[in-house]
Amino acid sequence: MNYSHAFIPTLREVPADAVIVSHRLMFRAGLIRKLANGLFAYLPLGLRSFRKVEKIVREEMDAVGALEMKPTVIVPGELWKESGRWDLFGESLLRLKNRLENDFVVSPTAEEAFTAIVRDELSSYRQLPLTLYQINTKFRDEIRPRYGVMRSREFVMKDAYSYHTDEASLDETYQAIGHAYRRIFKRCGLTVIPVKADSGAMGGSGSEEFMVESEIGDNTLILCRSCDYAANAEKASCAADYALSESMEAAADTPPYEKIDTPDLRTIDELCASFKIQPNKFMKTLIYRAVNIELDLSSAPGCAALKRSKPSKDAPLVYPEAFFAAVIRGDLDVNEVKLAAVLKASEAVLACDADVVRLTNAPVGFAGPIGLTDLPVIIDKSVSAMNDAITGALEKDTHFNHVAYGRDFTSWMIEDIRTVKSGDRCPLCGGELYTKTGNELGHIFKLGGKYTSSMNVTYLDENGKNQKPIMGCYGIGIDRALASVIEEHHDDAGIIWPASVAPFHIIIIPIKYSGEVKRRADQLANELTKAGFDVLLDDRDERPGVKFNDADLTGIPWRVIIGEKGIANKKAEIKHRREKENRMIDLNKAVVEIVQNIHDELNQLKK
């Protein structure tokens, strides 16, 4: 393609609202333009790279036996009501009505659409396993879209859904797609960190995220310095600080608990200062409100009178709301995502002050587990190993001293609900954990029967009995992947595209596009194009400096410069975008050398 026929509106100034590298460079290099907050149009140069990411994703998904299809973006609301997510998904779900007042959604994810299609066609176990995928537009009405296409309202994702007769089959596909994801990101030139993750609104059990390190990342990653342990902070666990058996022995020597006056001492910091002891000697009790709880609470203290309901037709039974006491060591924090997962709830948040007073009969800051009989008490594993501790006494200006778990109070559940932080010990090897921030590029889930049960999907097994299949779910953000390539591959001058996703492989820059220079430039462009490569010929009547700057900004991997002096010596200058200096090559052998260099780079990315 000739540059004069292209539409590459480069910018020298950085847009005011562009605060991350990929956002700035995608605007400046003429890849995207903004239509509205969170809505971006891909210009021709950007779309070329976008399609190449899609191509890599499609090739690797096809290679593991996934079958591409294309459902609609506008999905009947009835399907979302069947799954129970019409109300549960929240305000990010864009709902609309047609002229007949029928409900529809602009799809933010496609579990319902795919499962409805499979439900109508599935009859026998012989049709399973089945893996279907789409590369399609989605919409989520983000409160604060930011960072360009990294977090926009409209975006494109590759979504895949697999259907199975048993866990072994699901695990086989889960592992195969996990390996495919690693190949996809490697081919795109991305360095990813696979981490254990929470399944969130998607539901299910097993879950793994593929992260890229980022200073503006939305996720905190917990990594081990000594082994390959990696997890999202929402899911991360750590080794116990000390053995429970040792604590139980020590509890026998702990004096009986006693009430102590603590006037105006509500917070852990205030108590530490007053008693001159460390926060790990305190038990902290927090009251949480959980919503849409699928866990059976019939045996939980204070919950016998709670009624279960269905958020919508055919949705699973849930408790719309319940309150819980979470007890954790004073130097630790409750991980609310873990707590919600334990309760099989859509959300767990701190109760308001009025609810805390109502439920504990004590002012805020004096809650404790002893005597808290009308609430389910969930303790973190750290508390199960505590003795001779201080905790709230459910009375104003009062705490209990010498408290030991198991002797002085028990709990409804013992779970890992702590937030892991830097300095904690690895659960696998005991090494030191540390944190990084990252952005999610891909996520794979084992959904189990969450959607096939709520949407009543069945098949006949080998014995002629009705069974429900189980599911897996696998997503990659195409826009995010493209932006992340730029985040990882750039310098002060602009983008440095890996050859696999570059809009063009080669840019040919004639110093003056006329006469013999024009003829040789055209010839080289034609030969490289016939060899199967994408070539941009900068035929503009611009100064060489302008052409070089645009070439650096747009990041095309290989640059060939042809001038009158070079032609006289049968030479051309060649330079990879990562290299600092040009080098001379034989003009008559330029095609062979360039082709070999590009093939070498592409093969390296595939290894």
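Taking 0.36 nm per residue of sequence separation and subtracting the Cα-Cα distance, how much length would be gained by fully extending the chain between residue 579 and residue 541, in nm to one decimal? It would help to have the intermediate numbers written out before the result.
Values: separation 38, 0.36 × 38 = 13.68 nm, distance 2.60 nm.
Taking 0.36 nm per residue and subtracting the Cα distance, the gain is 11.1 nm.
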Each label sits 7 Å from Cα toward the beta-carbon; between residue 120 and residue 434 the label points are separated, in nm, by 5.4 nm
Measuring from centroid to centroid over Cα atoms, what is the spacing of segment 149-183 and segment 258-278 in Å? 50 Å
Considering only protein heavy atoms and a probe of 1.4 Å, how much of the accessible area of the chain is carbon and sulfur, as a whole percent? 49 percent
Cα Rg, Dmax (largest Cα-Cα span) when computed across segment 11-134, Å: 19.3, 61
Mind jotting down the distance between the C-alpha centroids of segment 313-366 and segment 1-62, whole Å? 44 Å
Report, to the nearest 10°, how far helix 478-488 tilts away from the longest principal axis of the Cα atoms in the chain, using its own Cα long axis and a range of 0 to 90°. 80 degrees
All Cα pairs of the chain, percent lying beyond 41 Å: 41 percent
Cysteines of the chain without any disulfide-compatible partner (other Cys Cβ under 4.7 Å) are 188, 238, 272, 303, 352, 473
Qualifying trypsin sites (Lys or Arg not before Pro) for segment 63-127 [loop in DSSP, other Cβ within 10 Å: at most 14]: 99
Between helix 544-554 and the chain: long-axis angle, C-alpha atoms, 0 to 90°, nearest 10: 30 degrees
State log₁₀ I(q)/I(0) for segment 489-607 at q = 0.10, 0.11, 0.12, 0.22 Å⁻¹ as given by the Debye formula over alpha-carbon point scatterers of equal weight, solvent excluded. -0.27, -0.32, -0.39, -1.36
Once both axes come from the Cα atoms, what is the angle between helix 111-121 and the longest principal axis of the chain, in degrees from 0 to 90, rounded to 10? 80 degrees
Within the chain, percent of DSSP bridges classed antiparallel, to nearest 5: 80 percent
Taking the C-alpha atoms of segment 459-528, convex hull volume expressed per residue in Å³: 171 Å³
Residue separation times 0.36 nm, minus the C-alpha to C-alpha distance between residue 179 and residue 589: what's the value? 143.7 nm
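Could you state the accessible area per residue of segment 342-433 in Å², with a 1.4 Å probe and every protein chain left in place?
Normalised by residue count, the accessible surface of segment 342-433 is 40 Å².
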Compute the Cα gyration tensor for segment 338-427, then decide on rounded, prolate or oblate, letting a ≥ b ≥ c be the square roots of its eigenvalues: rounded whenever a/c is under 1.5, prolate when a/b is larger than b/c in the other cases, and oblate in all that remain. oblate
Given a Förster distance of 45 Å, report the FRET efficiency between residue 306 and residue 55 from their Cβ-Cβ distance, rounded to the nearest 0.05. 0.30
With each pseudo-label sitting 7 Å past Cα toward Cβ, what's the residue 458-residue 357 distance in nm, one decimal? 5.4 nm
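Residue 522 to residue 10: FRET efficiency via 1/(1 + (r/R0)^6), r the Cβ-Cβ distance, R0 30 Å, to the nearest 0.05?
After rounding, the FRET efficiency stands at 0.80.
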In whole percent, what relative contact order does the chain give with Cα contacts below 8 Å and a gap of six or more residues? 18 percent
Could you work out the helix-only [θ] at 222 nm for the chain, with each DSSP H run of four or more residues adding -39,500 (n - 2.57) and the total divided by the number of residues, to the nearest 500 deg cm²/dmol? -8500 deg cm²/dmol
Of 576, 5, 179, ordered by accessible area with the largest first and a 1.4 Å probe, the sequence is 5, 179, 576
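The values are calculated or read from the model by the stated rules, or taken from the named source; none is laboratory data. The shown structure was predicted, so the numbers you read here are calculated from the model rather than taken from an experiment. Don't worry about glycine lacking a Cβ; one is built from the backbone with ideal geometry, like all the others, and counts go over all protein chains shown. The protein model used for the area step is the full one, side chains on, heavy atoms only, and it has no ligands, DNA or RNA in it. Shrake-Rupley method; radii C 1.70, N 1.55, O 1.52, S 1.80 Å.
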